[in-house]
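Inspection log for the structure reproduced underneath, given as structure tokens.
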Amino acid sequence: MRIDAVLFDFGGVFMDSPFQAVRDFGLRCGVGEERVVELVFGRYDDDTDHPWHRLERGEISLADARQAILDLAAPDRVDLFEALGAMARAAVREEMVAVAREARASGRRTAVVTNNVREFGHAWRAMLPVDELFDAVVDSHEIGMRKPDPRVFAYALERLGNVAGANAVFLDDFHGNVAAARRAGLHGIVVGEDWRQAVAELRALLR
């Protein structure tokens, strides 16, 4: 198989999973792991009108999403700002940065394809040498679409020079997003708890 492009998620790929950080927050605040993930992120393998999904599409502000999630969670008090604080302590995975650099140096086109929030734009970009690693940045709030919408992958491949899906691979920590990429014709790698395994899988594809 020929791989011409590598697409990376950000959170959960270049840093620890935001889902796990929110699960840990749910345990600390007594709400429970899975309930807090559902309250904060909604059904993440779908694209709905949940406040977090609307936030990632750039339709509402972070402050509006916070209030809407507080309303959804009542009588449990799930403050989005507190949950996001748990996510902010994640460290960058330097080996994942290295393999992204290797992919681009080998002549492949590279992109980061992230569901993200307008208010976090400067913060997450400051964590990586974005211009050195990627030919394109596809940020959900900027394009008004979010994974797992298949149009996101089509848009990313177009940005990379109309690369064919069969010649591209996508890495994400969320199974639903990887499944959506595969349905769109891309190869997919799930970045699990043992994230170095995903690095090894990608390096094997790029040989």
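The values are calculated or read from the model by the stated rules, or taken from the named source; none is laboratory data. Computed from a prediction, not measured in an experiment: that's the story for all the values here. Glycine gets a Cβ as well: all are built from the backbone with ideal geometry, and neighbour counts include every protein chain shown. Remember, those area values only see protein heavy atoms, side chains included, never the ligands or the DNA or RNA. Shrake-Rupley method; radii C 1.70, N 1.55, O 1.52, S 1.80 Å.
Annotations
- Restricting W124, W195 to residues that are within 21 Å of Q20 (Cβ to Cβ) and at pLDDT 95 or above narrows the list to W195.
- Being open to solvent by 70 Å² or more (accessible area, probe 1.4 Å), in contact with an Asp or Glu (Cβ under 9 Å, 6 or more places away or on another chain) and not basic (K, R) is a description that does not apply to L55.
- Enumeration of residues in the stretch 19-51 that are in contact (Cβ under 8 Å) with a residue 24 or more places away in the chain, within 19 Å of M145 (Cβ to Cβ) and buried (at least 17 other Cβ atoms within 10 Å of the Cβ): Y44, D47
- Within the stretch 68-75, the presence of at least one residue that is in a helix (DSSP H, G or I) and open to solvent by 80 Å² or more (accessible area, probe 1.4 Å) is confirmed.
- Restricting attention to the stretch 76-99 and to residues that are more than 30 Å from D131 (Cβ to Cβ) and not in a helix (DSSP H, G or I), the residue that is most open to solvent (accessible area, probe 1.4 Å) turns out to be R77.
- Subset of the stretch 100-140 [open to solvent by less than 30 Å² (accessible area, probe 1.4 Å) and in a helix (DSSP H, G or I)]: A100, A103, G121, W124, V130, L133, S140
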